1. Would you check if there is a residue in segment 484-502 being open to solvent by less than 10 Å² (accessible area, probe 1.4 Å) and either over 27 Å from THR535 (Cα atoms) or among the hydrophobic types (A, V, I, L, M, F, W, C) (or both)?
2. Out of segment 257-306, which residues are more than 14 Å from the chain's Cα centre (by Cα), assigned to a loop (DSSP other than H, G, I, E, B) and touching a residue at least 12 places away in the same chain (Cβ under 8 Å)?
3. In segment 36-75, what count of residues is obtained for those that are over 21 Å from GLY152 (Cα atoms), buried (at least 18 other Cβ atoms within 10 Å of the Cβ) and over 26 Å from the mean Cα position of the chain (by Cα)?
4. Criterion first (of a type in the set (Ser, Thr, Tyr), more than 42 Å from the chain's Cα centre (by Cα), surrounded by 21 or more Cβ atoms within 10 Å (Cβ to Cβ) and in the same structural domain as ILE69 (by the TED database)) does TYR115 satisfy it?
5. Please go through segment 436-468 and pick out each residue that is part of a helix (DSSP H, G or I) and without any contact (Cβ under 8 Å) to a residue 60 or more places away in the chain.
6. Output the residues belonging to segment 391-435 that are of a type in the set (Phe, Trp, Tyr), closer than 24 Å to LYS304 by Cβ and assigned to a helix (DSSP H, G or I).
7. Has segment 114-122 got at least one residue that is free of Cβ contacts under 8 Å to residues at least 60 places away in the same chain and either touching a strand residue (DSSP E or B) at 6+ places or on another chain (Cβ under 9 Å) or not in a helix (DSSP H, G or I) (or both)?
8. Are there any pairs with C-beta distances below 6 angstrom linking a residue in segment 128-146 that is in a helix (DSSP H, G or I) to a residue that is hydroxyl-bearing (Ser, Thr, Tyr), with the two at least 6 apart or on different chains, and if so which?
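The values are calculated or read from the model by the stated rules, or taken from the named source; none is laboratory data. Note that this is a predicted model, so its numbers are computed, not measured. Every residue, glycine as well, gets a Cβ built from its backbone with ideal geometry; the counts of neighbours run over all protein chains shown. The accessibility values were calculated without ligands, DNA or RNA, using every heavy atom of the protein model including side chains. Shrake-Rupley method; radii C 1.70, N 1.55, O 1.52, S 1.80 Å.
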Amino acid sequence: MTIFQDLVKVYDNNQSMVGKFELDNFDKPYTLLPASHVSVGVQLEVTLSLQGEFIMVSEVSKDDSTTVIPATIKSANRASAPEAHPLQDKIKYVAGDYAEYAPTDKKAPVFRELYIKLLGEWAKSAQTNPKIQAVFKYQQQNRLLQDLIKAGEIELAKNGQLSSKDKDLFVRFNVKEQDPKAPVIWQDQTMFQSWIDFYATKLAVEQPVDIDYLSGEKVPTTKLNEKNINPATSGAKLISANDSANFTYRGIFHDDEFYSAGYESSQKMAHALKWLIQRQGLKSDTRVFVFWTDESDENQKVAKATGAVYSGSALLQSLVKKKKIEDKPQTGEAVAQSYNSRLLGYVDELSGNGTIHAMFLDAATTGRMATVYYNSMVGGTFKKNLEMWGNNCSLQINSQTVWTPSARRLVQSAYTNGRGGQRADIILKRALSQLMISIINGQAISEDLLRALFRKLIHPQGYDSLKQWQNDLFNYTAAYHYNVHLKGGGTMGLDRNETDRSYLFGRLLAIADRIENSAVYRKQQRNDNVSERLTTAYRFMTNFAEQPGTTWKRIYLSVVRSYLGTLSGGSQAYYENEVNTILDALGNGNSDEPLSMRFLTGFAQQHVADKENSKTKSNAKNESQEG
């Protein structure tokens, strides 16, 4: 099946959600739009009686402004040329007395004629209902602006004319019924169906009938496809083919016969995609990542699992909040462990049945939406690959904590420098696309990403804080381990049997850092004036990566002379034994040949192992003193 057929299937499978409003992550309402409807932001709400009399007007808050309105093919795609929506629209369309207050607007008669003609046809049709008739009765009085001015909602300019900003105010009408529980017009299913039925009969007469390439049936077709599918690229359309000047299709087809979409199919695929983006789209700049399944009851689980893998932002926020409430120390490690567990929990909830669809979208130009990536895969394969990511893109921090970066955090670690900007946004979204493709297909992380992060990490002086550097180091180590695992090797924790030269040198540098840190900490306990600073290991890290043999001698001499002797006898013996064991394992490898990217994994794993070892000894000492 094609992308478009898959989207039509989404709409058909979720008919029960049409017109039902939900809240997105920012508490904004959205719905699966009915056919022949669009959603707009409105500023004014006018309430009428069933007899078509004006009752009141009120301003619409920004949170409540999203409104589903009926639309025609042309009005849904209008730009500068006048095209009216049939019920709710801007003041210049819905105010019958607009021309009186905007005498300089030469298009005023056109706006009004288009609107009242369409509304009148609907109100007089077999598909009408009392609410539509009430609005039409009021519109025949041609007094909307008079009522708005009288109610104090609109203030005229000094010359007695309507201000330019008020001309484009969007107005929605509601009809007050006796039943207080009756739905408002823009959420009324009977209103939706009334317009759909009326417009279908109108299309059957006015629109050309041709073969719908998606269904194979002869139906009313359209060359105008809906825009505003992705809020980040509002003008971009899923299908756009108006390039008759260049060599897109000249000489192969007559005019634009290369595609033909039924109006109903066009509506379904556009509305289904917009709904998926609002409901479970993952965004990076203008790019959006959408994952869904043919199993409707499984969709939310897919959204949770992919959202956790992609950014985990909502999940991390809830976990941090929970840890703060519990008032537990070391929330960084606690949250890291909870994130990994929760991520794997979300993935475990997936049934593995059905087909999973992955679609990445962007705007090639302001009017054209680009499908950057599309793939359908077996649900079981998708679940297995996400599990592999959660289990193996990780670093063992201690016996209870596993560090797993989200895809977004990993990419930001590699490519975010300074303030960023447009170029950085482009790099980030492209790298994220490549990484998400690797994750869902169980493929290795790009060497480009790892190399970019490696080059950044060997310059720790470029970081504002050592904590941020350490987070990036953990992200890098977890990602490196993921790639090594795909080749059948690697461990999440320190591997004392590893003989790789770069890994061993990384361990040596971590030991030197630990010795100096421990000595400085002991001094700080005795003297508050001893300040924090980068250790020798961090300051010489760049040189160490390029000339490890020579640089190690300088670092170790400095550490031995200044710091090793200040530690306890047991600590001195431990570190000296560790260093000698590693140097023996290096053998002839103790040279100035530049280190590979594995050097940082050795550093990270030795670092967390020594830190955990110190914590264990400290806990044992405290327990013995209490005993």
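1. So far as segment 484-502 goes, no, none of its residues is open to solvent by less than 10 Å² (accessible area, probe 1.4 Å) and either over 27 Å from THR535 (Cα atoms) or among the hydrophobic types (A, V, I, L, M, F, W, C) (or both).
2. PHE258, TYR259, SER260, ASP294, GLU295
3. Of the residues in that region, 7 qualify.
4. Spelling it out, it is not the case that TYR115 is of a type in the set (Ser, Thr, Tyr), more than 42 Å from the chain's Cα centre (by Cα), surrounded by 21 or more Cβ atoms within 10 Å (Cβ to Cβ) and in the same structural domain as ILE69 (by the TED database).
5. SER438, GLU447, ASP448, LEU449, ALA452, LEU453, ARG455, LYS456, GLY462, LYS467, GLN468 - these are the residues of segment 436-468 that are part of a helix (DSSP H, G or I) and without any contact (Cβ under 8 Å) to a residue 60 or more places away in the chain.
6. Matches in segment 391-435: none.
7. Taking every residue of segment 114-122 in turn, at least one turns out to be free of Cβ contacts under 8 Å to residues at least 60 places away in the same chain and either touching a strand residue (DSSP E or B) at 6+ places or on another chain (Cβ under 9 Å) or not in a helix (DSSP H, G or I) (or both).
8. LEU145/TYR101
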